[in-house]
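One structure, as structure tokens, below. Some questions next.
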Ligand SMILES: [Zn+2]
């Protein structure tokens, strides 16, 4: 009963901290400042835009599960800061691959949020249409990582994805193999990113870097 009521009220208060007023308040905007940094050396390295700390968890929940789709523009703008850094470092055209969402979650939420954020961030960075390719698919359902213990997460994800095979003739013949930037929203233990990397490499793709909006694993690095 309480949740629908909270959803109704969400439009009238900041989704990050609950302060009255529409939209994201100045306190929350000030608290979230993208500072892209490498959190895992790799290969492939993992670049994160932000730490996963308040108010970001509340914003991500509001965006994904509480119908605050308007937050997508802001989340994409934060992701675009890291994407711009990754693209500048690449010095070559790249293919952006969003991590695949669980099909049941996409049906429930009415959107594929990771793909939507990647597409919006790509546009903000001025990358050509067609840069985003959903090369990864889930081949079986996995349990929600939040419900799985840390030590079980790799086993939960293992073998759960497949990638479309690399095809040298597309999308632009003669350019050689376009390296991939694999993109996810939140990284916790890295088990799902590792599975995405495995599936892409098994299909012949070269992964330049993994990019995540937020890092939940290394809070001390963001102090
Ligand atoms: Zn706020």
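The values are calculated or read from the model by the stated rules, or taken from the named source; none is laboratory data. Please read all numbers here as calculations on a predicted model, not as lab measurements. All Cβ positions, glycine included, derive from the backbone under ideal geometry; neighbour counts span all protein chains shown.
Scan region 134-155 residue by residue and report those that are part of a helix (DSSP H, G or I) and buried (at least 18 other Cβ atoms within 10 Å of the Cβ).
Matches in region 134-155: 153 only.
Results for (1) farther than 26 Å from residue 181 by Cα; (2) at pLDDT 95 or above, shown as yes or no for each residue.
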site: 13; (1), (2): yes, no
site: 18; (1), (2): yes, no
site: 21; (1), (2): yes, no
site: 24; (1), (2): yes, no
site: 33; (1), (2): no, no
site: 56; (1), (2): no, yes
site: 80; (1), (2): no, yes
site: 96; (1), (2): no, yes
site: 101; (1), (2): no, no
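Of everything in region 156-169, what is out of contact with any strand residue (DSSP E or B) (no Cβ under 7 Å at 6 or more places or on another chain) and buried (at least 19 other Cβ atoms within 10 Å of the Cβ)? Give them in sequence order.
157 - this is the single residue of region 156-169 that is out of contact with any strand residue (DSSP E or B) (no Cβ under 7 Å at 6 or more places or on another chain) and buried (at least 19 other Cβ atoms within 10 Å of the Cβ).
Taking residue 173 and the conditions (1) farther than 25 Å from residue 60 by Cβ; (2) modelled with pLDDT under 95; (3) touching a strand residue (DSSP E or B) at 6+ places or on another chain (Cβ under 8 Å), which numbered condition does it fall short on, given that it satisfies the others?
With (1) farther than 25 Å from residue 60 by Cβ; (2) modelled with pLDDT under 95; (3) touching a strand residue (DSSP E or B) at 6+ places or on another chain (Cβ under 8 Å) applied to residue 173, the lone miss is (3).
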